[in-house]
1. Being surrounded by fewer than 19 Cβ atoms within 10 Å (Cβ to Cβ), of a type outside the set (Lys, Arg) and outside any loop (DSSP other than H, G, I, E, B) is the filter here; which residues of the range 75-86 pass it?
2. So which residues in the range 47-68 are surrounded by fewer than 15 Cβ atoms within 10 Å (Cβ to Cβ), not hydroxyl-bearing (Ser, Thr, Tyr) and not in a helix (DSSP H, G or I), if there are any at all?
Amino acid sequence: MCAFCRALRRYAMKLNRLQLVGKSAELSERVRAPSWAALVDLRLDLEKLGCDLSDKGRKMFGLRRRGFDWKEIADALHMSKTAARTAFWREIRRATSKGSGEGSRRKPTTNIKHEDVQDEP
């Protein structure tokens, strides 16, 4: 039994090892940063989205962008973690559907995703 545990531990350690694939020069050629235009569009879309949110939604949005987790936001707003997260994403859906429903408004060039706001599971 002890030999099996050691063998299993060795195998797990082997799986966790990093395997080098190339030199750093090759890596820098592969990695491409997003274009500055895409970053500017994203920033403009996020600012526009912030304008379409309610005061409470804007406050949650700002706190999430600064890196606060849902527990800290919920404590600041005197609500539960789940209620804060649900209210936030409800606001986002309402604001994005309001923005795309009107003909005179500019449609966001990028989709706002959970990853953009650093959502935690």
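1. Answer for the range 75-86, where residues must be surrounded by fewer than 19 Cβ atoms within 10 Å (Cβ to Cβ), of a type outside the set (Lys, Arg) and outside any loop (DSSP other than H, G, I, E, B): Asp75, Ala76, Leu77, Thr82, Ala83, Thr86.
2. Passing the criteria: Arg66, Gly67.
Just so you know, all these numbers are worked out from the coordinates, no wet-lab data involved. Model, not experiment: these values are computed from the prediction. Reconstructed Cβ throughout: ideal geometry from the backbone, glycine too, with neighbour counts over all protein chains shown.
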